[in-house]
Amino acid sequence: MRKSTFHTLLTYCIATVWIVNGLFCKVLNWVPRHEQIVATILGKEHSHLLTVLIGIAELMMGFWVISKIKTQWNAITQILIVATMNILEFILVPDLLLWGKFNSLFALLFIIVVYYNEFMLNKQITANHL
């Protein structure tokens, strides 16, 4: 598989993660555990609204990934958001996470994929086109 094809495939997979989590898990509330996490960390009073807003932000992130606008800023933003979110969840609500504290491992793998896709693979593709 060509590097550019693999990069495109990874880009769409990354975007899919954001879109699925945002739309199905948060906006449509198919995974109520997400609202419980928000309620525990930010308070129950506005947890539904905040969960929906977080879901909309995740949808926007997915569309930003697909847009390929400012890809380095996008990758840095993704890495910071995923790292911050998972550190908070690891400390504050590990009992509400699907895989408990092992969620951090999946978050780290996602961060590595985002980093690799933008700062290694995309850089190689761009260098080959010069």
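Computed about the Cα centre, the dipole magnitude for the chain is approximately 460 debye when only Lys and Arg (+1) and Asp and Glu (-1) carry charge, each at its Cβ. Counting lysine pairs in the chain whose alpha carbons fall under 18 angstrom apart, excluding pairs fewer than 8 residues apart on the same chain, gives 5.
Against the chain, whose longest principal axis is taken from its Cα atoms, helix 47-67 shows a tilt of about 0°.
Just so you know, the Rg over Rh for the stretch 15-74 is 1.06, from Cα atoms, with Rh as the Kirkwood radius. The helix-based estimate of mean residue ellipticity at 222 nm for the chain, built from -39,500 (n - 2.57) per DSSP H run of four or more residues and divided by its residue count, is -23500 deg cm²/dmol to the nearest 500.
Any chance you could give the angle, 0 to 90 degrees and rounded to 10, that helix 71-92 forms with the longest Cα principal axis of the chain? With rounding to tens, the tilt is 30 degrees. For the stretch 51-130, relative contact order (Cα pairs under 8 Å, six or more residues apart, normalised by length) works out to 29 percent. Between the C-alpha center of the stretch 66-98 and that of the stretch 1-39 there is a gap of 11 Å.
Note on residue 80 and residue 5: the model spin-label points, each 7 Å out from Cα along the C-beta direction, lie 3.6 nm apart. Rounded to the nearest 10 degrees, the inclination of helix 33-42 to the longest alpha-carbon principal axis of the chain is 70 degrees. Of the trypsin sites (Lys or Arg not before Pro) found in the stretch 1-105, those in coil by DSSP whose Cβ has at most 14 other Cβ atoms within 10 Å are 2, 44, 68, 70.
Let me test this: with uniform point scatterers at the alpha carbons of the chain, what is the Debye-based log₁₀ I(q)/I(0) at q = 0.09, 0.12, 0.18 1/Å? Evaluating at q = 0.09, 0.12, 0.18 Å⁻¹ gives log10 I(q)/I(0) of -0.29, -0.49, -0.99.
The loop-placed chymotrypsin sites (Phe, Trp or Tyr not before Pro) in the stretch 1-34, going by DSSP, that have at most 16 neighbouring Cβ atoms within 10 Å of their Cβ come out as 30.
Every number here is computed from the coordinates shown, using simple stated rules; none is lab data. All figures in this text were calculated on a predicted structure; none of them were measured in a lab. Positions of Cβ are generated from backbone atoms using ideal geometry, with glycine treated the same way; all protein chains shown enter the neighbour counts.
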